[in-house]
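The next block holds one structure in the form of structure tokens; read it before the comments.
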Amino acid sequence: MGDIVTAPSTSDVAVRFELRPGDIGYITWLHGILYAKEQGWNHTFEAYVAGPLAEFAKMQSARQRIWIAELDGKIVGTVAVVDAGENRAQLRWLLVDPCARGVGLGRRLVKESIQFATESGYRSIFLWTVSDLHAAGALYRSCGFAKTLKQPRVIWGKMVTEERYDLALLS
């Protein structure tokens with residue numbers, strides 16, 4: 001008989017807000033590996049993540065934050081709020097490792113990032129995703145985001161339909 005494996009609960013997951021050595025590379029790698037496996041995207045998606053993430057890491061701002069979720073010392077989730085100018089925030093790099101899915105971690109990260117953006121005085125928050133990420137789209141809509149734009153295009157080695165979601169914030 002094998003061991004019984006149980007999914008973690010969100011209380012098992014520690015969340016930190018500071019980047020540590022290795023985080024940029026690991027977060028980029030995790031995005032690249034998971035999206036290649038799950039969506040068939042190529043290496044250009046890693047570059048799409050790596051460039052802005054590296055720039056984010058070099059900037060210090062009280063109005064920007066990254067959430068790094070860890071389970072037993074391993075990064076299993078991320079999201080960030082980035083200043084997009086004109087008092088708008090952008091939600092970026094939401095990812096939950098398959099080992100930590102289904103327990104509400106994605107919802108926790110999105111809700112906390114919306115709260116942070118609101119408390120930081122942003123008027124709105126937006127994000128980009130793709131239509132094939134059904135669970136992500138459902139999560140965003142359940143948190144109050146509305147789809148405002150759809151555009152098919154070839155990126156990351158595949159034809160995808162990019163979607164923009166927006167949420168007005170009450171400050």
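Observations, loosely collected:
- Backbone geometry of segment 124-139 corresponds, through the Karplus equation with coefficients 6.51, -1.76 and 1.60 at θ = phi - 60°, to 3J(HN,Hα) couplings of 8, 9, 9, 8, 10, 9, 10, 4, 6, 8, 4, 5, 5, x, 5, 4 Hz, x marking Gly and Pro.
- Mean separation of Cα contacts under 8 Å, 6 or more apart, over the residue count of segment 10-168: relative contact order %: 19
- Cross-link partners of residue 37 among lysines (Cα-Cα below 20 Å; sequence separation of 8 or more within a chain): 74, 158
- Charge tally around residue 36: other residues with Cβ under 15 Å, Lys/Arg +1 each, Asp/Glu -1 each, net -2.
- Remark on the chain: hydrodynamic radius 16.7 angstrom, per the Kirkwood mean of 1/r across alpha carbon pairs.
- Inter-centroid distance (Cα atoms) of segment 116-171 relative to segment 14-57, Å: 18
- Neighbour net charge for residue 107 - beta-carbon separation under 13 angstrom, K R +1, D E -1: +3
Each value in this text was obtained by applying a stated rule to the coordinates, not by laboratory testing. As the structure is a prediction and not an experimental result, all values here were calculated from the model. So basically every Cβ, Gly included, is an ideal-geometry build from the backbone, and we count neighbours across all protein chains shown.
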